[in-house]
């Protein structure tokens, strides 16, 4: 919304809460509200969702209402209004248990071809919503692209061991090697998807920072990630040492963004080399857009959200 308004586009923001970027207040789970607000809309960026942290604060029906029924409401209204592109923000979390290799296995090489094995209601409902997008392309020729984003939220890591043993910026910098993406690059991917959807029709894309790793690194990443990173970035040790930072001892998955770069013409800027260059110069490595948006936090008690 920020970027589109800066570009002077005619946009309509929908949310449950008022904000400078909210034009209509309501829930996507409310079909009549969706039908009313979608009149005259030509492109849809569907980011509304209950997230993984909400599993602890919201019941399963609320996930179904927002993530599945809400998506269905938007898709039906999109067809009714002749929408030209429908972009659905999904998540790499849908891969679930496929992201966790066994103790004697190499790191998982995650592309769009990996079959999801959802492990919670969040993953189940996002996977179902992706299937709805595919169904509406097949049955109604509604151009739908699914962007499976990796981590880009600034909140503290939900893994207690990581949050305890690594400075927050240290952990996030490490993740740019294999499972994190900057907000600015996410926004650019969405804007490109709007343009490309009519030609592509339907497809899914992993939206994550470009990894330096190849399949030949997967075994070594499980055993000694530090040495693998050192072999690719000789200066990393000194930069990290000055900050009192450390690399994760093991990396268990690698997200591959090749398809998004090739088919969407996406050129993500924030990779590990970019992070190192910023750190070397004493600069913040988050984008200005990520800094501006900041941390929103999550619900601490059960409440409706979309």
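Looking across 154, 212, one residue alone is in a loop (DSSP other than H, G, I, E, B) and under 15 Å from the mean Cα position of the chain (by Cα). It is 154. The single condition among (1) in contact with a strand residue (DSSP E or B) (Cβ under 7 Å, 6 or more places away or on another chain); (2) buried (at least 16 other Cβ atoms within 10 Å of the Cβ) that residue 27 does not meet is (1). Here 156, 80 are screened, and the one residue that is touching a residue at least 40 places away in the same chain (Cβ under 8 Å) and either surrounded by fewer than 20 Cβ atoms within 10 Å (Cβ to Cβ) or over 25 Å from residue 45 (Cβ atoms) (or both) is 80. Exactly one condition in (1) in contact with a helix residue (DSSP H, G or I) (Cβ under 7 Å, 6 or more places away or on another chain); (2) over 27 Å from residue 191 (Cβ atoms); (3) not in a helix (DSSP H, G or I) is not met by residue 142; state its number. With respect to (1) in contact with a helix residue (DSSP H, G or I) (Cβ under 7 Å, 6 or more places away or on another chain); (2) over 27 Å from residue 191 (Cβ atoms); (3) not in a helix (DSSP H, G or I), residue 142 is out only on (2).
Going residue by residue through the stretch 242-253, is there one that turns out to be closer than 30 Å to residue 141 by Cβ, touching a strand residue (DSSP E or B) at 6+ places or on another chain (Cβ under 6 Å) and crowded, with 16+ Cβ neighbours inside 10 Å? Among the residues of the stretch 242-253, not one is closer than 30 Å to residue 141 by Cβ, touching a strand residue (DSSP E or B) at 6+ places or on another chain (Cβ under 6 Å) and crowded, with 16+ Cβ neighbours inside 10 Å, which makes the answer no.
Screening the candidates 142, 135 for the property of being surrounded by fewer than 23 Cβ atoms within 10 Å (Cβ to Cβ), over 16 Å from the mean Cα position of the chain (by Cα) and modelled with pLDDT of 95 or more yields one hit, 135. Residues of the stretch 191-209 that are assigned to a helix (DSSP H, G or I), surrounded by 23 or more Cβ atoms within 10 Å (Cβ to Cβ) and in contact with a helix residue (DSSP H, G or I) (Cβ under 9 Å, 6 or more places away or on another chain): 193 alone. Filtered by the rule that a residue be in contact (Cβ under 8 Å) with a residue 60 or more places away in the chain and either over 26 Å from residue 152 (Cβ atoms) or not in a loop (DSSP other than H, G, I, E, B) (or both), the stretch 16-58 gives 43, 45, 52, 53, 54, 55. With 171, 220 as the choices, which residue is surrounded by 15 or more Cβ atoms within 10 Å (Cβ to Cβ) and without any contact (Cβ under 8 Å) to a residue 12 or more places away in the chain? On inspection, the qualifying residue turns out to be 220. Considering only residues in the stretch 48-68 that are modelled with pLDDT of 90 or more and surrounded by fewer than 17 Cβ atoms within 10 Å (Cβ to Cβ), the one that is nearest to residue 94 (Cα to Cα) turns out to be 60.
When you look at residue 215, is it surrounded by fewer than 16 Cβ atoms within 10 Å (Cβ to Cβ) and farther than 30 Å from residue 138 by Cα, yes or no? So residue 215 passes the test. Residues of the stretch 136-151 that are out of contact with any strand residue (DSSP E or B) (no Cβ under 7 Å at 6 or more places or on another chain) and in contact (Cβ under 8 Å) with a residue 60 or more places away in the chain: 138, 140, 141. In this structure, residue 184 does satisfy being in a helix (DSSP H, G or I), over 21 Å from residue 68 (Cβ atoms), touching a residue at least 60 places away in the same chain (Cβ under 8 Å) and out of contact with any strand residue (DSSP E or B) (no Cβ under 9 Å at 6 or more places or on another chain). Taken over the stretch 77-107, the criterion of being assigned to a strand (DSSP E or B) and either at pLDDT below 95 or in contact with a helix residue (DSSP H, G or I) (Cβ under 6 Å, 6 or more places away or on another chain) (or both) is satisfied by 85, 86, 87, 88, 90, 91, 96. Of the residues making up the stretch 96-115, those that are touching a residue at least 24 places away in the same chain (Cβ under 8 Å) and either buried (at least 18 other Cβ atoms within 10 Å of the Cβ) or over 23 Å from residue 139 (Cα atoms) (or both) number 11. For the stretch 223-240, the criterion of a residue being buried (at least 20 other Cβ atoms within 10 Å of the Cβ), at pLDDT 95 or above and not in a helix (DSSP H, G or I) is satisfied by no position.
The values are calculated or read from the model by the stated rules, or taken from the named source; none is laboratory data. On a predicted model such as this, the values are computed, not experimentally measured, just so you know. A quick note on method: Cβ atoms are made from the backbone with ideal geometry, for glycine too, and the neighbour counts reach across all protein chains shown.
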